[in-house]
1. Please state which one of Asn216, Asn210 is at pLDDT 95 or above, crowded, with 18+ Cβ neighbours inside 10 Å and under 15 Å from Ser141 (Cβ atoms).
2. Name the single residue, out of those in the range 257-276 being more than 12 Å from Leu336 (Cβ to Cβ) and hydrophobic (A, V, I, L, M, F, W, C), that is farthest from the chain's Cα centre (by Cα).
3. For the structure I just gave you, tell me whether Thr234 is touching a Gly at 6+ places or on another chain (Cβ under 9 Å), polar (S, T, N, Q) and surrounded by fewer than 19 Cβ atoms within 10 Å (Cβ to Cβ).
4. Name every residue in the range 277-319 that is surrounded by fewer than 23 Cβ atoms within 10 Å (Cβ to Cβ), part of a loop (DSSP other than H, G, I, E, B) and at negative phi, in order of residue number.
5. Could you identify the single residue in Ile58, Ile99, Ile113, Ile81 that is β-branched (Val, Ile, Thr), under 25 Å from Tyr223 (Cα atoms) and not in a loop (DSSP other than H, G, I, E, B)?
6. For Val37, work out the one condition from (1) within 19 Å of the chain's Cα centre (by Cα); (2) assigned to a helix (DSSP H, G or I); (3) not basic (Lys, Arg) it doesn't fulfil.
7. On the given criteria, is Tyr274 under 24 Å from Glu320 (Cβ atoms), surrounded by 20 or more Cβ atoms within 10 Å (Cβ to Cβ) and hydroxyl-bearing (Ser, Thr, Tyr)?
8. Taking the criterion of being at pLDDT below 95, of a type in the set (D, E, K, R) and under 21 Å from Thr175 (Cβ atoms), would at least one residue in the range 77-92 satisfy it?
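The values are calculated or read from the model by the stated rules, or taken from the named source; none is laboratory data. Since the structure is predicted, the reported quantities are computational estimates derived from the model, not experimental observations. Cβ sites come from the backbone with ideal geometry, for glycine too, and all protein chains shown count toward neighbours.
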Amino acid sequence: MKQVFINSVGSISAQKTFDNNAFLNDVVDYEDHVISVIDPNYKDYIPPAAARRMAKGIKMGVVASKIALQDAGLENVDAIITGTGMGCVRDSEKFVSAIIDNDEQYLTPTSFIQSTHNTVGGQIALELQCKGYNFTYVHASNSFESALLDAKLQLENDEERNILIGGVDELGDHTVAIHKLINHVKPEAVKSSNLLESNSVGAVFSEGANFFVLSNEKEASTYAKVAAVKLFNTLPKSDVALTAVEFLAENNLEVADVDILILGCNGDIEFDGYYSELQSETFKNTQQIYYKHLCGEFNTASSFGFWLASKILKLQSIPEVVKLNNLKNSSFKTILLYNQYRGENHSFTLLKQC
């Protein structure tokens, strides 16, 4: 089987990550319970007339994909695989609201058409005129990892050469209000830099789009190698550490071989305990990193962690703002990412330096 390489990245998040020449040099420290992305100048990538008709999620996805393609030096790809938890939720809200307000009559179909979860992947394909494999995974907080696993299998078996993958989710006012009612969103404004000390239920909600070109051919632009991905719908808290060790063993690695552990901690006092044993016991002698204080929580937030790991392996540096401890390494060759959301949809991803 062939190896799988990350040949480019493109990120739109609550930080200024759309500029690939910078790496978290100018971090924004929020104090809120819902944060939006920092928008690039969409007119630089999309004609204004077209951009006006696009939902926020579509614009984020299209621009992040274009940044990734530019980074890879490509004009097109063989396949497009997208992960999203909620799709274009704003248009979903518009359509449902119109049904209620108009008593189920005189409805225009535009919002419904644009609300489907595969709208982002379809719009990217239309922009590129890519007629290849196009698939969207809607697997809650494992949506991005599902897209990654699909692309990995295709590339390993030499079915395609270049595949664009990504995770994208947008904020919707009504959806956020519902999540607040059921205590999934923090009740109080929290300073990003103090997220893990918030000592309250819920997370700081956000949105974002992170896209990558994966290939089975190494290029000059290559960031890292995708060694393995494994997903679990449910996993008891007591089994997380053992599962991580078994995952490494399946890939002929031990805990000591991991240079960096990247965790999806989001400050939710009820569920951050899933990371505790990894932090305090199993990987206590390993450099630990977190990222959701920078990008917020959303179904495909783990794609931001994937972006972070890719940049670290290529640049061989760790921004101070993401460090959970201060263990020093002379170089970084192997990174393990672990994420879960509210005790479900656990994922382990292993990246290696090329």
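1. On the way: Asn216 fails: under 15 Å from Ser141 (Cβ atoms).
After applying the criteria, what remains is Asn210.
2. Ile269
3. Values: touching a Gly at 6+ places or on another chain (Cβ under 9 Å): yes; polar (S, T, N, Q): yes; surrounded by fewer than 19 Cβ atoms within 10 Å (Cβ to Cβ): yes.
Yes: the conditions hold for Thr234.
4. Lys284, Asn285, Thr286, Ser317, Ile318, Pro319
5. Values: Ile58 fails: under 25 Å from Tyr223 (Cα atoms); Ile99 fails: under 25 Å from Tyr223 (Cα atoms); Ile113 fails: under 25 Å from Tyr223 (Cα atoms).
The unique qualifying residue is Ile81.
6. (2)
7. On the way: under 24 Å from Glu320 (Cβ atoms): no; surrounded by 20 or more Cβ atoms within 10 Å (Cβ to Cβ): yes; hydroxyl-bearing (Ser, Thr, Tyr): yes.
So Tyr274 fails the test.
8. There is at least one residue in the range 77-92 that is at pLDDT below 95, of a type in the set (D, E, K, R) and under 21 Å from Thr175 (Cβ atoms).
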